[in-house]
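Undergrad: Below is one structure. I have some questions about it.
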There are 4 protein chains.
Amino acid sequence: MSKIRLGILGGGEDSLIGILHRVAANMFDQFEIVGGVFDVQHEKSLKFGEKLQLDSSRIYKDLDDMIAKEAKLPENQKIQAVSVLTPNFLHFPMAKQLLENGYNVICEKPLTITYEEAKILNEIQQKNNTIFAVTYTYTGYPMIRQMKTMIANGEIGKIQKVDVQYYQGWINPLIHDKEKRSNTWRLDPEKSGISCCIGDIGTHAYNMAEYVTGLNVDKVLADLNYLYEDNPMDIDGTVLLRFQENIKGVLRASQIATGEENNFTVQVYGDNGGLKWEQENPNYLYLLKEGMALQVLKPGHEYNSEFSLEGTKLPPGHPEGIFDSMGNIYYGVAMAIKDRSKHEGAYPKLNDGLRGMNFIEKTVDSHKKGNVWINLED
Amino acid sequence: MSKIRLGILGGGEDSLIGILHRVAANMFDQFEIVGGVFDVQHEKSLKFGEKLQLDSSRIYKDLDDMIAKEAKLPENQKIQAVSVLTPNFLHFPMAKQLLENGYNVICEKPLTITYEEAKILNEIQQKNNTIFAVTYTYTGYPMIRQMKTMIANGEIGKIQKVDVQYYQGWINPLIHDKEKRSNTWRLDPEKSGISCCIGDIGTHAYNMAEYVTGLNVDKVLADLNYLYEDNPMDIDGTVLLRFQENIKGVLRASQIATGEENNFTVQVYGDNGGLKWEQENPNYLYLLKEGMALQVLKPGHEYNSEFSLEGTKLPPGHPEGIFDSMGNIYYGVAMAIKDRSKHEGAYPKLNDGLRGMNFIEKTVDSHKKGNVWINLED
Amino acid sequence: MSKIRLGILGGGEDSLIGILHRVAANMFDQFEIVGGVFDVQHEKSLKFGEKLQLDSSRIYKDLDDMIAKEAKLPENQKIQAVSVLTPNFLHFPMAKQLLENGYNVICEKPLTITYEEAKILNEIQQKNNTIFAVTYTYTGYPMIRQMKTMIANGEIGKIQKVDVQYYQGWINPLIHDKEKRSNTWRLDPEKSGISCCIGDIGTHAYNMAEYVTGLNVDKVLADLNYLYEDNPMDIDGTVLLRFQENIKGVLRASQIATGEENNFTVQVYGDNGGLKWEQENPNYLYLLKEGMALQVLKPGHEYNSEFSLEGTKLPPGHPEGIFDSMGNIYYGVAMAIKDRSKHEGAYPKLNDGLRGMNFIEKTVDSHKKGNVWINLED
Amino acid sequence: MSKIRLGILGGGEDSLIGILHRVAANMFDQFEIVGGVFDVQHEKSLKFGEKLQLDSSRIYKDLDDMIAKEAKLPENQKIQAVSVLTPNFLHFPMAKQLLENGYNVICEKPLTITYEEAKILNEIQQKNNTIFAVTYTYTGYPMIRQMKTMIANGEIGKIQKVDVQYYQGWINPLIHDKEKRSNTWRLDPEKSGISCCIGDIGTHAYNMAEYVTGLNVDKVLADLNYLYEDNPMDIDGTVLLRFQENIKGVLRASQIATGEENNFTVQVYGDNGGLKWEQENPNYLYLLKEGMALQVLKPGHEYNSEFSLEGTKLPPGHPEGIFDSMGNIYYGVAMAIKDRSKHEGAYPKLNDGLRGMNFIEKTVDSHKKGNVWINLED
């Protein structure tokens, strides 16, 4: 079976995440990067394509150009899936166009700038049944997959407490200076939508909470922090969560937790045990049981679920990282493209991105209305 | 200078914490335990006194008996300070009587069952200027003292985020069984006041947040969890905190975090760094600074403040624990009895207990009114 | 039953470890400190006794004075046990005199300066059957006791690898300066015997290896480090160990592991699992089993052995430390004084001190003979 | 500049490490895998090549076939570098043939089966000046590179103690059963040379010790363990190390440390500090300084050296792992192929493999001669 032909939008020389997607795409020998639009400047795009040793005829001027020219290629040469790595505000128009033209899509998060846009994408996709992944990268870690499986299997019983934290400190050096904060694109609603902290990392935590528990959040009560009156975007927040069946949880996110890098933690407690995980040490999963020794599960061991083991390439003791996590998501997409019937949970879906956008808007709404409960479903 | 003569109420054979207070009192050779009432049954009390090799004439029938007889002793034999280790509902009447009779008091937490009671104690103490300590034990750890000093010295700049967590799982095996939960004294409002989780451990977290930051909480918004309709007491909760100057924080407490022991963590972030601490590994203090290596401070090093170093008895590398922390609090009390002018922060004061009771009532109030903001000061 | 009357030699105002022994002695209400010789200067000794509120008639001029005067006291007032906390070279003459006069003894390590001296003490003790403890403090930790019990119960099967490390860095600032190193008493053979590093900390590691495994070391091959030719004492060393039945192990000790505090680790592997422990985090015991999640055992849980649980005073989640460990050893001594038939392993015995002295001499011998195997038993 | 054309020997469907090398080769867009011999069975090789979507004309029957046919290709199509991933005993003949035909080589470790063979390879390479890497994978970790740089820059002063440990437990389930141990290829001298544990993992630890310190080991004294008389291969061992200038160290390796995975640790102490690292948590580097807080350095921060930062693809907080480490080594090889003058330390060289083979032989020799010192240089 041949590799899936992958196109890339964005991810060129100046991109931080381009390499993440390329390594991930190549990891399991499932994709062949064949072309795309790496930069708005065609020249830079061509140069980057040359570096990747791609056929220059597949380096397009823009997405229109790409779609038009690809349409003329023989079926066995056409790009089958496209990674969208462009700035956030371009996710929507590009993903829309790709969907309308029947492409499978791998879209960086956030899916769109508004919930409205996300709903439009969702409607289109439901019609044409393509594969659409949103790269909530952390769901690809083997021990997150193990956590999800264990919870689904009832290992910790009925869930009674969910606690997710995503603390960073990167915005601290920018936020306290009026000029710096007014020049940060993350803090510009035009470019970043209505939320900075919740939009960028709160949404990761929200997605993860639903992913590992299999529960939906029904409503939220948020207390966000803007720190300065002239700052239009939240940079910190605590969100009370109410999951289905009145299960309670809490989500904390911050970009002013000075000195933190990507301190993303997940804690889930049930009536028969607890499970804990930290992104910066992703190869450890902590299982707590009353009256028993704390257990630390690690990747690659046979005691893990098949789903977790699929995400580990070497025997225990060989630490894998974020690139491997993204590789697992690309692998999930590849499997789904080849066989749509399988692989629940193997990659985050458009619906996850859609829910994420809704979460962002309702969370900001809760805050602005005075820290009141807002239902996620109207 | 002679040792301070200490009496003890409660803390006899069946007590868990009696040994904690005795070890702490003896730790720095500052106190001499001379008598008290160890048990409501005088016979058991006498037997326990014998074990401690105390003069049986100093083992009293009850507090009235003790106060009456002690009054007749020569000045240089009289009990000078009394530790109150009795069940919670007895704290108030006993502390009141002790205060009214001029004793210095070391009272286990919670100070009282109601805020009203606490206010009464406070009024009495303000008149007679005795020493009154409430044993929020964790404030005695050397690295908590170091954290407090560093924050006060501006090491992490202006505080912009406070996060405290106190997670336990002990009530999980009781809460899901109707009979068990109806027979747990912690869940009986008559014995435990209006709150279980916030009252027992949330109040520790609240006290610590104020202790290390030097900030006061102005208002709270709470989401508590009772899990069952017939359960009258909260067993889990998240509390949004608003400190003075609009500084935001969050407090999480749980007794249904299954498998957790005393997972009490403190995270404070300022505009110039962050500090983190975990009770179960109390000898590590983490200092985060942008663009610098993470620093791990440990007790006994000269880089620590004098206040922290006072709380360490051996050179670095000799781990100390909760008994040593309580010992530091007793030492603080001893110093204060000898010289009232000094030792700010060296032991938790009546005012801390008072604030704690207020916090509990306002937090429950916030929850019951529908998760709304309640000011701590009326 | 009345408390055991304890005398103390040394441990006065200038002593670091005096407080450790006093807290430990008081911890379980088993001992009453009644007097002793706290300092060679009687005045200082008296002053210190006053601070402890002891009867000045029990503060003696020297050991001769103490023995003579104590002999005249009524039986129910006499000192029953004596803690020897004096400089190392005094351990032998004092312990000898105490033994000859029928006292129970708690002696700081090293037991003596030479193996010869230790053998003499051993002979005396065997005749008169008093209790004699050598304070290898670390053996009192609850998780070390748990480790010992688990190994004895076959939890990890037949032992096939023993690895102990004790790394410190304290001598680094002294060793590189010729004057400083010549003025350090630890590096003066007159005061410290033939070995510095092996004698002070290697012997802890050796004792621990035998304690937790229940195995005896048969022979050693040592490579010691003196760093400078004019330095007569080892400050670092690796010792190959051969236990009974040809089981192999290795012991590493250093005082030039710059920046280390008391990094003492114990790793034991059997054919059915492994156990690991670190002194600086003494409340964690790691159990490794093939193909199973790593297990982390903590003190106070019912899954621990009775022997371990005896050494924990509070429920799980309340960290205890080195003072509590020493307290457990004093408790073991108290139990043994009251009932000689029990409590195997509850305190380190004279025989442990004797073996330790032998180990030191044979280890230095191995090194000096050119890193060759030396049998511990001649 | 075009990508380097890479051929692969071995690494086919049944290979564990094939994916490691492919991911690494692709990671920085420096190599293009063009063909090779993936399996001794040509059909399987062809099938695997098809999976990788390679031109079937570049999938060769064997190495002779490859060399012959490649010679006839135009210069700009020829394979430029070859990864040797075949069973150990094939490393020598294949690497020899490749060197003789002017290929750059990336060879899995161990370089050869005997020191003699390694010397032959070394002689050939010195003549033709090709690039030859031996994949001591762990040297590619960013924090190992940081450690090397810091030591070279004098951050910890003059080295006075080196301690490396590599503990695994994988052979435990095989070694105790006579039949199993006689059927394990690792324990068959024909296939694995004269050493199992030292040859496989001891050599990693040895290489690392020299890599990070920049020091050479002069002589060794080894105590190996075979456990059973009918077992011809060591499965555990401790090796006393003597570096140049009489600096002392110790290397411990085990395959019977039951339950361990890849517990490889590196500790180096100088007269001005210490550095520590653990392979299973490769993103933390611990810096110890007297009287200062412990510092924990992490990848991607600007405080790291340029050499370290080259090995990190994303900002701090994105954990990378063993695949990324190998990717860094491949990148180092690519840079060296393009520009021979640079990149000291960027990949392990033939000389490292040569020294490794010598170390293995001398270590076994030391053990067999009765645990005596053996010079590495005759």
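The values are calculated or read from the model by the stated rules, or taken from the named source; none is laboratory data. Not measured: the values here are computed from a predicted model. Cβ sites come from the backbone with ideal geometry, for glycine too, and all protein chains shown count toward neighbours. Heads up: the accessible areas ignore ligands, DNA and RNA and are worked out on the full protein's heavy atoms, side chains in. Shrake-Rupley method; radii C 1.70, N 1.55, O 1.52, S 1.80 Å.
Undergrad: Out of (1) open to solvent by 50 Å² or more (accessible area, probe 1.4 Å); (2) over 19 Å from the mean Cα position of the chain (by Cα); (3) more than 30 Å from D:ASN281 (Cα to Cα), what's the single condition that is false for D:ALA152?
TA: If we test D:ALA152 against (1) open to solvent by 50 Å² or more (accessible area, probe 1.4 Å); (2) over 19 Å from the mean Cα position of the chain (by Cα); (3) more than 30 Å from D:ASN281 (Cα to Cα), just (3) comes out false.
Undergrad: A further question follows. In segment D:13-37, what residues are more than 26 Å from A:ILE19 (Cβ to Cβ) and away from chain A (no Cβ under 12 Å)?
TA: Hits for segment D:13-37 are D:ASP14, D:VAL37.
Undergrad: Could I ask something else about it? Name the pairs whose Cβ atoms lie under 9 Å apart, with the first residue in segment B:181-199 and modelled with pLDDT under 95, the second open to solvent by 80 Å² or more (accessible area, probe 1.4 Å) and of a type in the set (Ser, Thr, Tyr), and 6 or more positions between them or separate chains?
TA: Matching pairs, first to second residue: B:ASP188/B:SER182.
Undergrad: Is segment B:131-139 home to any residue that is among the hydroxyl-bearing types (Ser, Thr, Tyr) and either more than 19 Å from B:VAL333 (Cβ to Cβ) or in contact with a Gly (Cβ under 7 Å, 6 or more places away or on another chain) (or both)?
TA: no
Undergrad: Still on this model: Those residues that are touching a Phe, Trp or Tyr at 6+ places or on another chain (Cβ under 8 Å), open to solvent by 10 Å² or more (accessible area, probe 1.4 Å) and within 7 Å of another protein chain (Cβ to nearest Cβ), I need them from segment B:262-287; list them, please.
TA: B:GLU280
Undergrad: Next up: Report yes if some residue within segment B:61-68 is at pLDDT below 95 and of a type outside the set (Gly, Ala, Ser); otherwise report no.
TA: Within segment B:61-68, not a single residue is at pLDDT below 95 and of a type outside the set (Gly, Ala, Ser).
Undergrad: Does C:ILE337 fit the bill of being in contact with a Ser or Thr (Cβ under 6 Å, 6 or more places away or on another chain) and part of a helix (DSSP H, G or I)?
TA: no
Undergrad: Scan segment D:269-290 and report the pairs whose first residue is under 10 Å from D:MET143 (Cβ atoms) and whose second residue is part of a loop (DSSP other than H, G, I, E, B) and among the hydroxyl-bearing types (Ser, Thr, Tyr), with Cβ atoms within less than 7 Å and a gap of 6+ or a chain change.
TA: The qualifying pairs are D:PRO282/D:TYR141.
Undergrad: In addition: Would you check which residues across segment D:95-122 are charged (D, E, K, R), under 17 Å from D:PRO348 (Cα atoms) and either in contact with a Phe, Trp or Tyr (Cβ under 9 Å, 6 or more places away or on another chain) or not in a loop (DSSP other than H, G, I, E, B) (or both) and list them?
TA: Across segment D:95-122, the qualifying residues are D:LYS109, D:LYS119.
Undergrad: Turning to a different aspect of this structure: Of the residues in segment B:296-316, how many are crowded, with 21+ Cβ neighbours inside 10 Å, more than 12 Å from chain D (Cβ to nearest Cβ) and outside any helix (DSSP H, G or I)?
TA: Residues meeting the conditions: 3.
Undergrad: I'm told C:GLU50 meets every condition in (1) touching a Ser or Thr at 6+ places or on another chain (Cβ under 8 Å); (2) touching a residue at least 12 places away in the same chain (Cβ under 8 Å); (3) closer than 25 Å to B:GLN53 by Cβ; (4) outside any loop (DSSP other than H, G, I, E, B) except one. Can you identify the failing condition by its number?
TA: (2)
Undergrad: Starting from segment D:321-338, take each residue that is over 22 Å from D:TRP277 (Cα atoms) and within 14 Å of chain A (Cβ to nearest Cβ) and list its partners that are of a type in the set (A, V, I, L, M) and open to solvent by less than 10 Å² (accessible area, probe 1.4 Å), counting only C-beta distances under 8 angstrom and pairs at least six apart or across chains.
TA: Correct list of pairs: D:TYR330/D:ALA24; D:TYR330/D:ALA25; D:TYR330/D:MET27; D:TYR330/D:ILE106; D:TYR331/D:MET27; D:TYR331/D:ALA346; D:ALA334/D:ILE4; D:LYS338/D:ILE4.
Undergrad: Here is a list of conditions, (1) open to solvent by 10 Å² or more (accessible area, probe 1.4 Å); (2) in contact (Cβ under 8 Å) with a residue 12 or more places away in the chain; (3) under 20 Å from the mean Cα position of the chain (by Cα); (4) more than 11 Å from chain C (Cβ to nearest Cβ), and D:ASP230 meets all of them except one; can you say which number that is?
TA: Result: D:ASP230 fails condition (3) only.
Undergrad: Of all the helices (runs of 4 or more DSSP H) wholly in segment C:170-223, which have at least 3 residues that are away from every other protein chain (no Cβ under 14 Å) and open to solvent by less than 20 Å² (accessible area, probe 1.4 Å)?
TA: The helices (runs of 4 or more DSSP H) meeting that bar are C:203-213.
Undergrad: Could you list, ordered by first residue, the pairs with Cβ atoms under 8 Å in which the first is in segment A:356-378 and within 19 Å of A:LEU121 (Cβ to Cβ) and assigned by TED's automatic domain parsing to the domain that holds A:LEU251 and the second is open to solvent by 40 Å² or more (accessible area, probe 1.4 Å) and assigned to a loop (DSSP other than H, G, I, E, B), at least 6 apart or interchain?
TA: Correct list of pairs: A:MET357/A:THR114; A:ILE360/A:ILE194; A:GLU361/A:THR114; A:GLU361/A:ILE194.
Undergrad: While we're on this one: For segment B:238-264, give me the residue count where each residue is of a type in the set (Val, Ile, Thr), closer than 20 Å to A:VAL239 by Cα and in contact with a helix residue (DSSP H, G or I) (Cβ under 9 Å, 6 or more places away or on another chain).
TA: Number satisfying all stated conditions: 3.
Undergrad: Right, another one. Can you name the residue in segment B:65-85 that is of a type outside the set (A, V, I, L, M, F, W, C) and open to solvent by less than 20 Å² (accessible area, probe 1.4 Å) and, of all such residues, is nearest to B:GLY11 (Cα to Cα)?
TA: Among those that are of a type outside the set (A, V, I, L, M, F, W, C) and open to solvent by less than 20 Å² (accessible area, probe 1.4 Å), it is B:SER83.
Undergrad: Only one of (1) open to solvent by less than 20 Å² (accessible area, probe 1.4 Å); (2) not in a helix (DSSP H, G or I) is not met by B:GLU13, so which one is it?
TA: The number of the failed condition is (1).
Undergrad: Which one is farthest from the chain's Cα centre (by Cα) among residues in segment A:321-378 that are open to solvent by 10 Å² or more (accessible area, probe 1.4 Å) and within 30 Å of D:TYR141 (Cα to Cα)?
TA: Applying the filter and picking the extreme gives A:TYR331.
Undergrad: Any idea which of D:GLN41, D:GLN30 is over 24 Å from D:ALA68 (Cβ atoms), polar (S, T, N, Q) and open to solvent by 20 Å² or more (accessible area, probe 1.4 Å)?
TA: Testing whether each residue is over 24 Å from D:ALA68 (Cβ atoms), polar (S, T, N, Q) and open to solvent by 20 Å² or more (accessible area, probe 1.4 Å) leaves just D:GLN30.
Undergrad: Out of everything in segment D:237-257 that is in a strand (DSSP E or B) and at the interface with chain C (Cβ under 8 Å from one of its Cβ atoms), what residue ends up being farthest from C:ASP163 (Cα to Cα)?
TA: D:LYS248
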